[in-house]
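> Here it is, the structure in full.
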Amino acid sequence: MNNSMERHLNILEFTLASLLRRKAKNLSLLAMYLLVVFMLASLLFFVTALKREAAIILNDAPDMIVQRLMAGRQDLVPVDYVAGIAQIKGVTAVRPRLWGYYYDALNGANFTIMAGDDSAAGSGKTAIGSGVAKTRNLMVGDLLPLIGYDKSPVMLEIGTIFPSASDLIAADLIVISPDDFHHLFNFPAGQATDLAVTVRNPKELATVAAKIVSRFPDSRPILKSEIQRTYQSIFDWRGGMMLLVLASSLLSFIIFAWDKATGLSAEERKEIGILKSIGWETSDVLLLKFWEGIVISLTAFLLGTVLAYGHVFFLSAPLFAQALKGWSVLYPHFRLVPVVDVYQLAVLFFLTVVPYTTATIIPCWRAATIDPDAAMRY
Amino acid sequence: MRRSLQYILFTAAVFAVVLLLSLHARNAQHRRGDPVPQMQNLHVTDLCLTTEARYTRHPSMADRHAPFQEHPLTLEHFPSGSLIMPNLADRYKP
Amino acid sequence: MIELSGITKSFNSGEPNQFTAVDNVSLVVHPQRITVLKGPSGSGKTSLLTMIGCMARPTSGRIFLRGVAAAVPFQQEGMDSVEITSLPERFLNDIRRSTFGFIFQQFNLVKGISVLENVMLPAYPTGERRPDFRARALGLLEQFSISRHAGQRIELLSGGELQRVAIARALINNPAIIIADEPTAHLDSKLSQEFMAIVGRLKGEGKSVLIASHDPIVFDSPLIDRVVEMRDGAVVNSGSSR
């Protein structure tokens, strides 16, 4: 047992010495490998964390949103619908939502304005997300100037700035009272943007949605599960786009690594002959090549994973957050809560370490089975 | 120390870091604060990942195809403009 | 003692280009002696050496190692004899590593790694502890007065130094028998004589040495105990111990 351990250590020792003699070549190979793993792992971490974030935030979302469609487009919902929907069995609450977008011509940012109850903002007051505060350089107690529908200024006092921990939902939010909302946008009374419906038993959601549609044929219910699905597919799609962009560089790396790993130079072939002639067995030579593959690929995999983790979760993925999140004037700076999916890491491991190591060993197989006396016949 | 041991120690150390990071992640998930209470009253449905276009700030509230129409190089969603036939059976299910 | 009985080695047997490199050779090589296989190239010297050194198997015939096969886990035919031609590959390798040290015509050193590393190379797969064989390797380098080159790459060494590195490497696993194939082919006369002096020293340390050569410096050397002359795969003069 101890013997075979020593054998491994000894052969690993020679592997390292042997890799080190082509230092520049092997280090650049390692660096490229590292970069590829780093990019893939970053992508994996980023998308997984965003999905998790979305799933958690959407847990608090209303069970169902009811929109109204008019001529195929979304329209305001009459508040009368509330009573009708509330009568449906299983519905516990129906709340009209008032929200919309506010384009800030000053810095080109687009804010989300929502009407909240008094707990968020009373009349003439507002609660804003930290993204808004940063863009406008505002503090609690300052006045937030908004331009109304008729170009008249509306000044609101800032009562609250949401903590940056909530940036992932609230960075661009401006919460104002319903009265101010109506006033600012000339929003018609008796209407709402959409309705948030709460249902007692989530299993009844589909039934309730069907009943709403049959009672109000122009309504479009959006279930929470549909919202969640939308997010999963957005991130999958974005991640896929990134992967597509990475694909060409990935491919060229694979070709390079394949060439490097499989191409057995005459010198390497001769070396294997020498090792055989001085008493190395075929299995010893293959072990040597195994370690050669492992040293490069495992190191790249482990380091790449660690660097990717730091990149995504400590530095908020500066390298490709833009591509994944879009190019935004008001850019939400949020820190993702780290999440590691062991299954995904295992897949990454099997996609990087295993093929490379195999590609290193296989071509040596034939060279390693030459007769030990071949070296005497040069 | 011999090089092979150095390498193994190094690899073990990096592996330990990977394990520690996954513990760190698990811990962070446990420690994640409750959602800001004010947010719960607002019934927000979407993430603030980008802000400009209505379909990116509230993708789930927009038309069904909107989330996928945001990129200049995006593939056409509607059957008439598609290169590959979209799965109509799926999309128009009631 | 190595005993060969009726050793024949044919290549491409059964095909039109079949040729017999070694033809029915029977020979006894005595321990702690220097034996030279002498003959022109193509006379079957190298083939005979590879078969004795467990690198290749004869087409027919048997080879016995007596009194030197301590490393083999089992022994046949009495206490200290082993018939190597019938052994499975695994054991053959074990015997080769522990019993024989090889010195090649081209030295066969691995480029790019240090002299010390080259000398230790045959010991790596044995599973011996590195500090042990490292100390032995340093001792050998010391003995051949090349220890100041220990950390250097072999490309920087002169021909004579390479020769000594190759000898040191052959000795690293403490073999009882040294096998050298045309060791002086690439050396000038002075270095060849130096080589013979080293071989004499090895004999003094109790090693058996088996050399294939057609260099007069080798087979005319006074250190040689016995010259076996070969031609066309057969022994023409099995010489007697001097």
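> It is to be established whether one or more residues within region A:242-260 are within 14 Å of chain C (Cβ to nearest Cβ) and more than 28 Å from A:F46 (Cβ to Cβ).
No: zero hits.
> Go through region A:266-294 and give me each residue that's without any contact (Cβ under 8 Å) to a residue 12 or more places away in the chain, surrounded by fewer than 24 Cβ atoms within 10 Å (Cβ to Cβ) and touching a helix residue (DSSP H, G or I) at 6+ places or on another chain (Cβ under 7 Å).
Within region A:266-294, just A:E281 meets the criteria.
> Among the residues of region C:125-138, is any over 18 Å from A:E6 (Cβ atoms) and at pLDDT 85 or above?
Our first condition is that a residue be over 18 Å from A:E6 (Cβ atoms); within region C:125-138, this holds for C:138.
Next, only the ones that are at pLDDT 85 or above stay: C:138.
Taking every residue of region C:125-138 in turn, at least one turns out to be over 18 Å from A:E6 (Cβ atoms) and at pLDDT 85 or above.
> Let me ask another. Just to be sure, is C:I103 at pLDDT 85 or above and over 17 Å from C:N173 (Cβ atoms)?
no
> Anything in region A:61-75 that is outside any strand (DSSP E or B) and either at the interface with chain B (Cβ under 10 Å from one of its Cβ atoms) or among the acidic types (D, E) (or both)? List them, or say none.
A:A61, A:P62, A:D63, A:G72
> Among all residue pairs at least 6 apart or on different chains, which show Cβ distances below 6 Å where the first residue, located in region A:232-247, is on the phi > 0 side of the Ramachandran plot and the second is not hydrophobic (A, V, I, L, M, F, W, C)?
Pairs that qualify, where the first residue is on the phi > 0 side of the Ramachandran plot and the partner is not hydrophobic (A, V, I, L, M, F, W, C): there are none.
> Another question, then. Any idea which of C:S41, C:S5, C:S13 is touching a residue at least 60 places away in the same chain (Cβ under 8 Å) and out of contact with any helix residue (DSSP H, G or I) (no Cβ under 8 Å at 6 or more places or on another chain)?
Details: C:S5 fails: touching a residue at least 60 places away in the same chain (Cβ under 8 Å); C:S13 fails: touching a residue at least 60 places away in the same chain (Cβ under 8 Å).
Of the residues listed, the single one that is touching a residue at least 60 places away in the same chain (Cβ under 8 Å) and out of contact with any helix residue (DSSP H, G or I) (no Cβ under 8 Å at 6 or more places or on another chain) is C:S41.
> Pairs, please: C-beta under 6 Å, at least 6 apart or cross-chain, first residue at positive phi and in region C:108-121, second part of a helix (DSSP H, G or I) and of a type outside the set (S, T, Y)?
Sorted first by the residue in region C:108-121, then by its partner, the pairs are C:N108/A:I274; C:N108/A:A375.
> Which one of C:K190, C:K203 is closer than 13 Å to C:Q32 by Cβ and outside any loop (DSSP other than H, G, I, E, B)?
Working: C:K190 fails: closer than 13 Å to C:Q32 by Cβ.
Exactly one of C:K190, C:K203 is closer than 13 Å to C:Q32 by Cβ and outside any loop (DSSP other than H, G, I, E, B), namely C:K203.
> So how many residues does region A:76-109 have that are touching a residue at least 40 places away in the same chain (Cβ under 8 Å), under 22 Å from A:I227 (Cα atoms) and in a strand (DSSP E or B)?
The number of residues fulfilling the criteria is 10.
> OK, next. Being β-branched (V, I, T), out of contact with any Leu (no Cβ under 9 Å at 6 or more places or on another chain), within 30 Å of A:L69 (Cβ to Cβ) and within 14 Å of chain B (Cβ to nearest Cβ): is that true of A:T193 here?
no
> Shifting gears a bit: Determine, yes or no, whether A:I56 is in a loop (DSSP other than H, G, I, E, B) and β-branched (V, I, T). If you could, list the steps in order and put the result at the bottom.
Numbers: in a loop (DSSP other than H, G, I, E, B): no; β-branched (V, I, T): yes.
No, not satisfied.
> Does region A:1-39 hold any residues that are of a type in the set (S, T, N, Q), under 21 Å from A:L286 (Cα atoms) and more than 9 Å from chain C (Cβ to nearest Cβ), and which are they? Give the derivation first.
So in region A:1-39, the residues of a type in the set (S, T, N, Q) come out as A:2-4, A:10, A:15, A:18, A:26, A:28.
Retained after the next criterion (residues that are under 21 Å from A:L286 (Cα atoms)): A:2-4, A:10, A:15, A:18, A:26.
Within region A:1-39, A:T15, A:N26 qualify.
> Need at least 2 residues that are farther than 28 Å from C:N93 by Cα and touching a strand residue (DSSP E or B) at 6+ places or on another chain (Cβ under 6 Å) per element, so show me which helices (runs of 4 or more DSSP H) inside region A:185-297 make the cut, counting only ones lying wholly within it.
A:205-215
> While we're looking at this one, here's another question. Please work out which one of (1) without any contact (Cβ under 8 Å) to a residue 12 or more places away in the chain; (2) buried (at least 18 other Cβ atoms within 10 Å of the Cβ) is the condition A:N137 fails and give its number.
Looking at each condition in turn, A:N137 falls short on (2).
> Looking at C:E194 and the list (1) acidic (D, E); (2) in contact with a Phe, Trp or Tyr (Cβ under 7 Å, 6 or more places away or on another chain); (3) under 25 Å from C:L138 (Cβ atoms), which single condition is not satisfied?
Condition not satisfied by C:E194: (2).
> Right, next: From the residues in region A:113-124 that are more than 13 Å from A:L184 (Cα to Cα) and not small (G, A, S), which one is farthest from the other protein chains (Cβ to nearest Cβ)?
If we take residues in region A:113-124 being more than 13 Å from A:L184 (Cα to Cα) and not small (G, A, S), then A:D118 is farthest from the other protein chains (Cβ to nearest Cβ).
> State the number of residues belonging to region C:3-57 that are surrounded by 15 or more Cβ atoms within 10 Å (Cβ to Cβ) and within 12 Å of chain A (Cβ to nearest Cβ).
Residues meeting the conditions: 15.
> Mind listing whichever residues of region C:1-45 are of a type in the set (D, E) and at pLDDT 85 or above?
Passing the criteria: C:E3, C:D23.
> Filter region A:211-231 down to residues that are in contact (Cβ under 8 Å) with a residue 12 or more places away in the chain and facing chain B (nearest Cβ under 9 Å) and give me whichever is farthest from A:V197 (Cα to Cα).
Step by step, filter region A:211-231, then rank; the result is A:Y231.
> A follow-up question, please. Exactly one of these conditions fails for C:I146: (1) among the β-branched types (V, I, T); (2) under 16 Å from the mean Cα position of the chain (by Cα); (3) over 27 Å from C:G42 (Cα atoms); (4) modelled with pLDDT under 90. Give me its number.
Single failed check for C:I146: (2).
> Is one or more of the residues making up region B:46-53 of a type outside the set (D, E), in contact with a strand residue (DSSP E or B) (Cβ under 8 Å, 6 or more places away or on another chain), within 30 Å of A:T207 (Cα to Cα) and modelled with pLDDT of 70 or more?
Going residue by residue through region B:46-53, those that are of a type outside the set (D, E) are B:47-51, B:53.
Then keep just the ones that are in contact with a strand residue (DSSP E or B) (Cβ under 8 Å, 6 or more places away or on another chain); that gives B:48, B:51, B:53.
Now drop any that are not within 30 Å of A:T207 (Cα to Cα), which leaves none.
The answer is no; no qualifying residue exists.
> Give, as residue ranges, the helices (runs of 4 or more DSSP H) completely inside region C:114-177 that count at least 1 residues that are away from chain A (no Cβ under 12 Å) and within 23 Å of C:I34 (Cβ to Cβ).
Once the helices (runs of 4 or more DSSP H) in region C:114-177 are filtered for at least 1 residues that are away from chain A (no Cβ under 12 Å) and within 23 Å of C:I34 (Cβ to Cβ), what remains is C:130-143, C:159-171.
The values are calculated or read from the model by the stated rules, or taken from the named source; none is laboratory data. Quick caveat: nothing in here was measured; it's all calculated off a predicted structure. A quick note on method: Cβ atoms are made from the backbone with ideal geometry, for glycine too, and the neighbour counts reach across all protein chains shown.
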